[in-house]
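The values are calculated or read from the model by the stated rules, or taken from the named source; none is laboratory data. This is a predicted model, so every value here is computed, not measured. A quick note on method: Cβ atoms are made from the backbone with ideal geometry, for glycine too, and the neighbour counts reach across all protein chains shown. Just the protein is used for accessible areas: all its heavy atoms, side chains included, with ligands, DNA and RNA removed. Shrake-Rupley method; radii C 1.70, N 1.55, O 1.52, S 1.80 Å.
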Amino acid sequence: MPLDYDPPRVALVVGSDNYSYECITKTGEFVINIPSKKLLEKTVQCGTISGRKVNKFKKFKLTPIPAKKVKAPLIKECIGHLECKLIKSKVTKDYDLFLADVVYAWAEEGTFTDRWLIEKERAKTIHHLGGEYFTFPSKVKIREW
Ligand SMILES: Cc1cc2nc3c(=O)[nH]c(=O)nc-3n(C[C@H](O)[C@H](O)[C@H](O)COP(=O)(O)O)c2cc1C
């Protein structure tokens, strides 16, 4: 969830049983990799098994590449990457809510200007509706009648 533009900040909830939770709290860093429509199946597969059990890069044939400001890798096949540094964890005692600064951001050439260029198939981001349901953004020209 975006929180702020200046400085760019995000909030996210990561279950405390997840390996991601352990990595984020231990290192204070992480990357939000943004997959596009083409990567839907792999994205869901990555969400159904823990990195404690398998190397998901190998299992799902994804490519780690170095980030610029954090040690966590980027996923090459994603169209965008937000390199993040933790500001605060355990914001409330009931939720595993993290607040983080975005210290570096990437987008694949031709997919982003000041927003995702969703008219292009390659730039269609994935949005989870809950359960097994997902949706993709579309644009409609609004004109006055
Ligand atoms: C579509 C989808 C959305 C998910 N959203 C979240 C989420 O917002 N927060 C979370 O903690 N886990 C979420 N999960 C579950 C984790 O992805 C899952 O527990 C995963 O195995 C954790 O991997 P890790 O142990 O390597 O961190 C989601 C899973 C799916 C399939």
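From the Cα gyration tensor of region 1-53, with a ≥ b ≥ c the square roots of its eigenvalues, which class applies: rounded if a/c is under 1.5, or else prolate if a/b is larger than b/c, or else oblate? Cα axes put region 1-53 in the oblate bin. For region 8-145, with all protein chains in place and a probe radius of 1.4 Å, 56% of the accessible heavy-atom surface sits on carbon or sulfur. Restricting region 91-143 to GluC sites (Glu not before Pro) that sit in a DSSP loop and have at most 16 other Cβ atoms within 10 Å of their own Cβ leaves 108, 109, 119, 132. Once the Cβ-Cβ distance between residue 132 and residue 49 is put in as r, and R0 is 22 Å, what FRET efficiency do you end up with, to the nearest 0.05? The value I calculate is 0.85. Plainly put, the chain has a radius of gyration that is 0.98 times its Kirkwood radius, both from alpha-carbon atoms, as the Rg/Rh ratio.
If the segment from residue 18 to residue 141 were pulled out straight at 0.36 nm per residue, it would be longer than the present Cα-Cα gap by 40.1 nm. Is there a pair in 53/88; 37/141; 26/120; 42/120 whose C-alpha atoms are over 32 Å apart, and which pairs would that be? Too far apart for the 32 Å limit: 26/120.
Magnitude of the charge dipole for the chain, about its Cα centre and with charges confined to Cβ atoms of Lys, Arg (+1) and Asp, Glu (-1), is about 500 debye. Adding -39500 (n - 2.57) for every DSSP H run of four residues or longer, then dividing by how many residues the chain holds, sets the calculated 222 nm ellipticity at -3500 deg cm²/dmol. Dipole of the chain computed with +1 at Lys/Arg Cβ and -1 at Asp/Glu Cβ about the Cα centre; of 46, 16, 106, farthest Cα towards the positive end is 46. Largest GNM mean-square fluctuation across 93, 124, 69, computed for the chain with C-alpha springs under 10 Å, falls on 93. Once C-alpha pairs closer than 8 Å and six or more residues apart are averaged by separation and normalised to the residue number of the chain, the relative contact order reads 24 percent. Full extension of the chain between residue 32 and residue 113 gives 27.3 nm of extra length, using 0.36 nm per residue less the Cα-Cα distance.
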